[in-house]
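Okay, structure first, notes after.
The values are calculated or read from the model by the stated rules, or taken from the named source; none is laboratory data. These numbers come from a predicted model, not from an experiment. With ideal geometry, Cβ positions are generated from the backbone for all residues, glycine too; neighbour counts draw on all protein chains shown. Ligands, DNA and RNA are stripped out before the accessible areas are found, and what is left, the full protein with its side chains, is counted by its heavy atoms. Shrake-Rupley method; radii C 1.70, N 1.55, O 1.52, S 1.80 Å.
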Amino acid sequence: MDFSLKKGEAVAFVGTNGCGKSTLLRILAGITTADTGEIITNPGCSYSFIPDRYEKSGFTIPEFMKHI
């Protein structure tokens, strides 16, 4: 699968459970390494992944986001 995004564009990933939406976002954010394929990014671009829930760790949400 190939796709590209331009500055200011928004994208939504829609699919059934287990199809790889979260995995793709984790790969883009640098949290997970892809087994195959290639991610090409422009210098200066940054990506973030905000999970839909977070561990009960005593962090505030801003502290958790900084942590991950």
If we ask which residues in segment 6-61 are at pLDDT 80 or above and in contact with a Lys or Arg (Cβ under 8 Å, 6 or more places away or on another chain), their number turns out to be 4
Scanning segment 24-45 residue by residue, those under 13 Å from the mean Cα position of the chain (by Cα), closer than 14 Å to M1 by Cβ, assigned to a loop (DSSP other than H, G, I, E, B) and not small (G, A, S) turn out to be I39
Filtering segment 11-43 down to residues that are of a type in the set (A, V, I, L, M) and open to solvent by less than 100 Å² (accessible area, probe 1.4 Å) yields V11, A12, L24, L25, I27, L28, A29, I31, A34, I39
